[in-house]
Structure formats: C-alpha cells, structure tokens
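The values are calculated or read from the model by the stated rules, or taken from the named source; none is laboratory data. Everything numeric in this text was worked out from a predicted model, so none of it was measured. Glycine gets a Cβ as well: all are built from the backbone with ideal geometry, and neighbour counts include every protein chain shown. The area values use the complete protein model at the heavy-atom level, side chains included, leaving out ligands, DNA and RNA. Shrake-Rupley method; radii C 1.70, N 1.55, O 1.52, S 1.80 Å.
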Amino acid sequence: QLAVPVAVVFAPGSVPGDLPRPLPFRDVREMENSVNLRTSITSRYETVYRSTTAQEEAALDVATAREADAALRPLQDASLGCLTVFVVPETSSLLPQGISVYVGKHRSALVRAGGGLAALRTRLQQLTQVMSFTASSIATALSDRVPDGQLGPDARRHLKSSLGYEITFSLLTPDPKSHAVDWDIEDAVNRYVQPVLDKLSLVANFSVDSQILYYAVLGVTPRFDKESSSFLLSAHSLPHVINPVEARLGSSAASLYPVLNFLLYVPERSHSPLYIQDKDGAPVSTNAFHSPRWGGIMVYNVEAPVSSQASLPLHVDVDMVRVMEVFLAQLRLLFGLSREELPPEFLLESPGNEGLADWELDRLLWAHTVENVATVSTTLTSLAQLLDKIGNIVIKDDVASEVYRAVASAQSAMAKLATGHLYSAFQASKEAVTSSERAFFDPSLLHLLYFPDDQKFAIYIPLFLPMAVPILLSLAKIVREARQRKKEPTKMD
C-alpha cells in the first residue's frame, strides 16, 4: 500500500461553494491496481483541505508563478513524497493565460479555481499522477512480475534499481592523424553533471570517470548520400554500432554496479559529415541515440577546413554545452525521468541546473522503493527454495541474522510506505536489499559444496562394493559354521 500525503490549500476567493464540510477537513481516496494474480498495489491519497496562512498569502502575492513557487518552498512540508497544492482564484494573474495548473520545481503546484469541487478533484488526480507515481510507473518497477503483454514499450528502457552506478564518458577518435580533439570533460562534469548527481545521491552512489579511445571505430560502414554529400547511419544499423565499441570500453568488466556509457564519436575525415537517421529516414536533430539500460552515443561532426592545404591534424575544441545537453537528456531517459505528455493547460517549470525537480526525485524514489521490496521478496524466495533442495546444508549464524534483518527491513519499508514516509521506506528497502544479497551470495551457501544423497551413493558404492563382497561372504561363512556347531551333539566321556 502506497500512501501519498496531499495538502490542498485554498487562497482567499478560491474556495468552491460545494465543499461537503467546512474547512479544514480530511479526505481519503484509494485506488487498487492488480499487477498479477498474487501482487496488487493500493494507492492511498490522504488529502487535507485547509485555508492559507498569513505567510502563505504573502508568498502568493507576487507577480509570477515562478516567484510564488520559490517563496512558498520554506513554508511547506519538505518531507519526501508530500505534495502541496495551492488553489488560487480564477481571476488570479499568477498563472499565464490559458494555463490552469502550474507544477513548480519543488513539491508544490498552483491550480486555478473554477468548475466546483468535481473539476478540482479531477485536476488533483492528474496532478498526483504527475508528481508521485502512476500505475504504469509502478508496473515498470515490477516489470519482472508483470506479464509481457501488459507492459508498455518503455518498460524495459529504465535502469534497474541498484545501490550504485558508474558513469563513463568516452571520447572516440578513430582518426587521430586528421583530428586533434580537445574536450574539457572535467569542467563539464562539474558544471552540468555533478548538480544532477548531487540530487540523485539520495537514490544511489555514483562514480564518474572519462577516457579517450584512439582508433576506435563504430563497426558499421555508413552509407554515402549524394544529395546531401554526407554519410548516413540508418536506424536499423544503430544496434550493430554498440558491440564493436563496447569491446574497447572495458569499464563494465571490473564493475560491481551497472555502468552507464556516454560516447562522443568524432567521425574520421573519410566519413565526414556523418548524420543519424530515424525510422522515417529524417535526420535526428541531436545527432545522437541512446540504448536502453546501457547509455548513449553522440556523433560530433567537425567542419571541413576551408583551405585544402590546411595542416593536419586539425585542432578541434568540443562544444561541451551542446554535448552535455544531449547526455543529460539521455541520463534522464535511463532513469525514467522523461516528461510525459500532459494536457495543454498544464505548465511544468524547468528544473534548471539541478537537472531534476524535487517531485521527480520523489517519483524515482517511489519506483525504486517498490522495486527494492519486490527484489528482496524474490531473493529470499530463491534462497528458501535452495535450502529446501539441500537437506544437509549448514546455515551459519551470520547468514541467518542477515536473512532476519532483510525480512525485518522489508516489512519496515512496506509499513513506512503505507504511512506515507517515503524517505525512511526507501532507506529500509535499501538495507533489505543489501542484507538479502549478502545472505544469498554467502560462500557457505554455494550449492556445489553439498552433494545430494544419490550422488554420494554413486561415488562411494564403486569404492566399497569390491571390498564389501569378500567381507560379507566371510561373515556369512562364520554364521553358518556357528549354527552347525550348535546342532552337533556334544561328546560325553
């Protein structure tokens, strides 16, 4: 059961006339979604309706919705997973013309009054779907349990929940004799990537590294197009690009965590300029593509020199702003943070340098917490099945304590989810995953250490049978002789 605390705050002049009770009052709405025959998710929206305080009224008395969002942040509940919706009068100039719902960078939204309580509840339902979780986002988190036919096309696109991720930025220069490429990756990571990772540090640990690979080719020969005098990579050839390059990356071989690869490819002179086409044959505006759960590749074309006598290699300074815009968009896609299609009256504030809004972080935590609990359940079930199969297995005390800790943490995470405490639920789910995996991968539980009884008989019978035959025959002979002695009458003098 997932509980979402929602506060609906009415500004003066925005209270609908058909409220069932005088303010303040509480309302609870539940929705049940069945994942499979054994798993169902109940969404519980606990809504508190109240009027604005004097401080909130002063914060709403500004010129724009963006200023109101910044002014309201210190006044609202900062707990993860909590939403605050401020209802402003229909005539309010805070929201632009034609916009009835404004979603800020934090955990609050502005809604224009009008249409009574029924219209307000419809907008609230849309808002909670946007700012917390949807049935599809939870189904994606539980993709291992959902029948394939019921999953959307993007369900397998997102990264699986993990305690850590490694991000590798690679510059591929297949033709270093022609291009001397210079990229200031350290400064670009500090300016554009680090703020996003600081925000995501609640979700997992991140490590970032970079490398330059010379003479690394894509492995697919692009097609020359006479009309545009350029080379083209079609959509159906893109999957064949990754494998030859991945063999050169070498980053995932020694990694404990999933590796996200972001590749910047500077094509050689003989294949320049190089453009990527989509499925319809149109050029891709970013000249980049991404691979689900793996990363992305961007092709960076270098302008040909005006003079044919230009000395080689040409010095190339990479425009890191343009490159990082693409890589950050791909990073958001990999974490499932892509913005969904919304009605035209919705306005979503850009997250700015931080890369993601507070409510997007909450959305990620909801999905990862549910996925962690499901992972722990699967791991412990597999461990129980293993122990049932091997009757003589020895379970050490430290392994048993890890199993007990995993069960207790998973139960705690589910209890916290049911009461709307998202942060503590996520922390408990992480502890449960850590303990369950420690128990499952403990070296003493390796099933190859223990032999089934039929294997023992198969091994030892060929050894002992040759020795046992003469011993058994001798024993039988001794028994026979003893019986004969009893039967013979004793001789009397």
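Things worth noting here:
- Once the 1.4 Å probe is applied to the protein heavy atoms, the stretch 2-141 comes out at 46 Å² accessible per residue.
- Near residue 277, once Lys and Arg are set to +1 and Asp and Glu to -1 for all other residues with Cβ below 14 Å from its Cβ, the sum equals -2.
- Legend: Rg and Dmax of the stretch 358-445, from Cα coordinates, 14.4, 51 Å.
- Tilt relative to the chain, helix 397-419 - C-alpha long axis, 0 to 90 degrees, to 10: 30
- Partner lysines for residue 486 [C-alpha distance under 20 Å; skip if fewer than 8 residues away on the same chain]: 477
- Shape descriptor for the stretch 164-335: Rg over Rh equals 0.97 (Cα atoms; Rh from the Kirkwood inverse mean 1/r).
- For residue 301, no residue 5 or more places off, or on another chain, has a built amide H under 5 Å of its own.
- Quarter the surface of the alpha carbon convex hull of the chain and you get the mean projected area, 41.7 square nanometres.
- Each of 325, 349 has its accessible area taken with a 1.4 Å probe; listed largest first, they run 325, 349.
- Per-residue ³J(HN,Hα) for the stretch 373-379, Karplus 6.51 cos²θ - 1.76 cosθ + 1.60, θ = phi - 60°, Hz, x for Gly and Pro: 4, 5, 5, 4, 4, 5, 5
- Rounded to the nearest 20 debye, the dipole magnitude of the stretch 358-445 is 160 debye, with +1 charges on Lys and Arg beta carbons, -1 on Asp and Glu beta carbons, and the Cα centre as origin.
- Of all DSSP beta bridges in the chain, antiparallel share, percent nearest 5: 30
- Signed unit charges on C-beta, dipole axis of the stretch 164-335, positive-most listed residue 291, 167, 231: 291
- Between the helical axis of 422-440 and the longest alpha-carbon principal axis of the chain there is an angle of about 30 degrees.
- Selection from 91, 220, 110 lying farthest towards where the dipole of the chain points positive, charges on Cβ: 220
- Taken about its Cα centre, the chain carries a charge dipole of about 2420 debye when Lys and Arg each add +1 at the Cβ and Asp and Glu each add -1 at the Cβ.
- In degrees, nearest ten, helix 453-487 long axis to first principal axis of the chain (Cα): 20
- HN-Hα J in Hz across the stretch 115-121 - Karplus 6.51, -1.76, 1.60, θ = phi - 60°, x for Gly and Pro: x, x, 5, 4, 5, 5, 5
- Whole-number Å³ per residue for the convex hull built on Cα positions in the stretch 160-238: 160
- Relative contact order (percent, whole number), the stretch 255-406, Cα cutoff 8 Å, 6+ residue spacing: 17
- Positive-pole candidate from 474, 357, 403, dipole of the chain, charges at beta carbon: 474
- Sequence-separation-based contact order of the stretch 164-335, relative, with Cα cut under 8 Å and 6+ spacing, percent: 32
- Averaging 1/r across all pairs of distinct Cα atoms in the stretch 2-141 and inverting the result yields a Kirkwood radius of 15.8 Å.
- Residue 227-residue 117 FRET efficiency (beta carbon distance; Förster radius 56 Å; 0.05 resolution): 0.40
- Volume per residue for the stretch 451-492 equals 72 cubic angstrom (convex hull of Cα atoms).
- Amide hydrogen proximity for residue 181: with H placed 1.01 Å from N in the peptide plane, the residues at 5 or more positions away or on another chain lying under 5 Å are 316.
- Beta bridges from DSSP with both residues in the stretch 208-307: antiparallel share about 50 percent, rounded to the nearest 5.
- Sorting 383-395, 271-283, 457-469, 199-211 by their mean Cβ neighbour count within 10 Å, with the most densely packed peptide first, gives 199-211, 271-283, 383-395, 457-469.
- Placing +1 on the Cβ of every Lys and Arg and -1 on the Cβ of every Asp and Glu, with nothing else charged, gives the stretch 174-312 a dipole about its Cα centre of roughly 300 debye.
- For the stretch 354-360, the Karplus equation 6.51 cos²θ - 1.76 cosθ + 1.60, evaluated at θ = phi - 60°, returns couplings of 5, x, 8, 6, 4, 5, 5 Hz by residue, with Gly and Pro reported as x.
- Taking the protein heavy atoms of the stretch 164-335 in the context of the full set of protein chains, the accessible area attributed to carbon and sulfur is 52 percent at 1.4 Å.
- Candidate lysines - alpha carbon under 22 Å from residue 389, same-chain residues fewer than 8 apart omitted: 456
- Sequence-distant lysines (8 or more away, or on other chains) whose Cα lies within less than 29 Å of residue 105: 160, 199, 416, 430
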